[in-house]
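Structure first, commentary second.
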Amino acid sequence: MNRLLLALILLAALPVSAKTYKWVDDKGVTHMGDTIPPEYANKDRQLLNKSGTVVKTQDVLTPDERREREAESAKARAEEAAARDQRLHDRSLTDTYSNVEEIELSRTRNIGQVDARINSINSQLKTANANLAALKKDAASRSKVPASLQDDIKEAQDRVNRMLQDLEKYKAEKQAVNVRYDADKARFKELTGK
């Protein structure tokens, strides 16, 4: 009781603009003051008004609680961003297309561009494979293969490998375009009922 009376007297003696904090030390003793000692900065505390009434309680989170709260906050921000992106995409769909046929026309144009790249690579690949085969045939006909021919074969093989990678990339892009347009078509129908 004496401690509480002493705390209230000390509280009344503080300047009006000063903040007063209340905290409990490791031994369970309650303290009051205008600053929190550094060793108690990571402990729970309360802010008191001039009359000694608690106006704010600050619970200091444990590291696990802080990580959990940050994860929840990040998840909420991600969900908010996804919802905003979906609204923008929906608006873009309804502003860009007036019916499903227009979506199909757009798909056909985009697939045509990817197909053109695939056809170009296939044509280049045919030439590159023929060049590689000729170099290998030349090497097979010699008893000793010069270093320059070995370098040419390696270079030709690298070129073929790069083209094959590009070809796979464009085939994956074609599939992704189809998936995207299928999703856009379904969403457009859902949004417009058309």
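Points to keep in mind about this one:
- Largest mean-square fluctuation among LEU48, LEU164, LEU132, in a Gaussian network model of the chain whose springs join Cα atoms under 10 Å apart, belongs to LEU48.
- The chain shape via C-alpha gyration tensor axes, a/c threshold 1.5: oblate
- Cα shape, region 54-157, gyration tensor, a/c 1.5 rule: oblate
- Loop-resident trypsin sites (Lys or Arg not before Pro) (DSSP state other than H, G, I, E or B) in region 55-150 with no more than 13 further Cβ atoms inside 10 Å of their Cβ: ARG142, LYS144.
- Sequence-distant lysines (8 or more away, or on other chains) whose Cα lies within less than 28 Å of LYS22: LYS43, LYS50, LYS56
- Only Cα pairs under 8 Å and 6+ residues apart enter the sum, and on that basis the relative contact order of region 52-194 stands at 38 percent.
- In a simple Cβ point-charge model (Lys, Arg +1; Asp, Glu -1; nothing else charged), the chain has a dipole of about 260 debye relative to its Cα centre.
- Per residue, the solvent-accessible area of region 57-151 (1.4 Å probe, heavy atoms of protein chains only, all protein chains present) comes to 73 Å².
- Dipole of the chain [Lys/Arg +1, Asp/Glu -1 at C-beta], most positive-end residue of ALA71, ALA130, ALA82: ALA130
- By definition, a body whose alpha carbon gyration tensor gives a ≥ b ≥ c is prolate when a/c is 1.5 or more and a/b is larger than b/c, and region 104-169 fits this prolate description.
- Only DSSP H runs of four or more residues enter the estimate; each adds -39500 (n - 2.57), and after division by the residues of the chain the mean residue ellipticity at 222 nm equals -25000 deg cm²/dmol.
- LYS43 contributes about 70 Å² of solvent-accessible surface, heavy atoms of the protein only, 1.4 Å probe.
- In straight-distance terms, cross-link reach from LYS154 covers every one of the lysines whose alpha-carbon lies under 19 Å from its own, apart from those fewer than eight places away in the same chain; here that gives LYS126, LYS136, LYS137, LYS144.
- Listed residues THR94, GLY112, VAL145: farthest to the positive end of the dipole of the chain (Cβ charges): VAL145
- Relative contact order %, region 116-194, counting alpha carbon pairs below 8 Å whose residues are six or more apart: 39 percent
- Excluding same-chain neighbours fewer than eight residues apart, the aspartates and glutamates reachable from LYS19 by a Cα-Cα span under 20 Å are ASP34, GLU39, ASP44, ASP59.
- Alpha-carbon centroids, region 123-194 and region 45-71: separation in whole Å: 61 Å
The values are calculated or read from the model by the stated rules, or taken from the named source; none is laboratory data. The shown structure was predicted, so the numbers you read here are calculated from the model rather than taken from an experiment. Virtual Cβ from ideal backbone geometry, glycine too; neighbours counted across all protein chains shown. In case anyone asks, the SASA skips ligands and DNA or RNA and just uses the protein heavy atoms, side chains included. Shrake-Rupley method; radii C 1.70, N 1.55, O 1.52, S 1.80 Å.
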